[in-house]
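Remarks on the structure that follows.
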Amino acid sequence: MSDVTLRKQAEIELKLKERLLDGASDSIFLHDLEGRFIYVNEAACRDRGYEREELQGKDVWALHCPGLCGPQGKILRDLLAQGEITFESAHVRKDGSVMPVEIRARIIDLGERRLILSVARDITERKRAEAEVKLNEARLASLLRISQFPDFNPGAAGLCPG
């Protein structure tokens, strides 16, 4: 094959990979060990309200909500030791709202460079469902405690809907 044909095939393959990454529904980030973004996909930008250039100008830790993610040093040490980790955090969107995320990060070697590939999934609905389950468990426990009183009417006490 000629060099031109090989280069054309490489360009087509690169475009295909870019479209696959941008077509993903989860946010995909590629950054160096210092946290500087090298690549962010469309979902990463859209879900956080940034243009690609704005987001790529940020540091990965600028997205994390303080206090809702482990210390960045520990996360990086664990990642370097294990090669791959999954953890929960929360990202702050451009408008200041908070989005709970589950992040799966792994170390990848690209030639001489060690990089971090992270896939972040919005877990807002999962967190909402977990909170609802906890609330229902608390209501049930409360009903069980007070049902020990023979004259108690849960409907009159506003504990039962309807």
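The values are calculated or read from the model by the stated rules, or taken from the named source; none is laboratory data. Please read all numbers here as calculations on a predicted model, not as lab measurements. Virtual Cβ from ideal backbone geometry, glycine too; neighbours counted across all protein chains shown. Areas reflect the complete protein model, heavy atoms only, side chains present, ligands, DNA and RNA absent. Shrake-Rupley method; radii C 1.70, N 1.55, O 1.52, S 1.80 Å.
So, taking all protein chains as they sit and a 1.4 Å probe, how much accessible area belongs to Asp109, in Å² rounded to tens?
Approximately 100 Å² for this residue.
If DNA, RNA and ligands are ignored and the probe is 1.4 Å, what is the ranking of Thr5, Thr124 by accessible area, most exposed first?
Per-residue accessible area, sorted high to low, gives Thr5, Thr124.
Report ³J(HN,Hα) in whole Hz for each residue of segment 39-45, in order, from the Karplus equation J = 6.51 cos²θ - 1.76 cosθ + 1.60 where θ = phi - 60°; Gly and Pro get x.
Result, rounded to whole Hz: 8, 9, 8, 4, 5, 4, 6.
Please compute the contact order of the chain in relative form: average sequence separation of alpha-carbon pairs under 8 Å and at least six residues apart, divided by the residue count, as a percent.
Contact order relative to length: 17 percent.
Each label point is 7 Å from the Cα along the Cα-to-Cβ direction; what then is the distance between the points at Ala131 and Thr86, in nm?
Modelled inter-label distance: 2.3 nm.
Could you tell me which of rounded, prolate or oblate describes the chain, using a ≥ b ≥ c as the square roots of the eigenvalues of the alpha-carbon gyration tensor, with rounded for a/c under 1.5 and, failing that, prolate when a/b is larger than b/c and oblate otherwise?
Judged from the Cα gyration tensor, the chain comes out prolate (a/c at least 1.5, a/b above b/c).
Per residue, how large is the accessible surface of the chain? Use a 1.4 angstrom probe and give square angstrom.
Counting only protein heavy atoms, the per-residue value for the chain is 68 Å².
Roughly speaking, to the nearest percent, how much of segment 57-141's 1.4 Å accessible area is carbon and sulfur?
54
Rounded, prolate or oblate: pick one for segment 44-106, where a ≥ b ≥ c are the square roots of the eigenvalues of its C-alpha gyration tensor, a/c under 1.5 means rounded, and failing that, prolate if a/b is larger than b/c, else oblate.
prolate
Assuming 0.36 nm per residue, please report the length gained on full extension of the stretch Leu16 to Ser147 beyond their Cα-Cα distance.
40.9 nm
Straight-line reach from Lys58: which lysines have a Cα under 19 Å away, not including same-chain ones fewer than 8 places off?
Answer for Lys58, where 19 Å is the Cα cut-off: Lys94, listed by chain and number.
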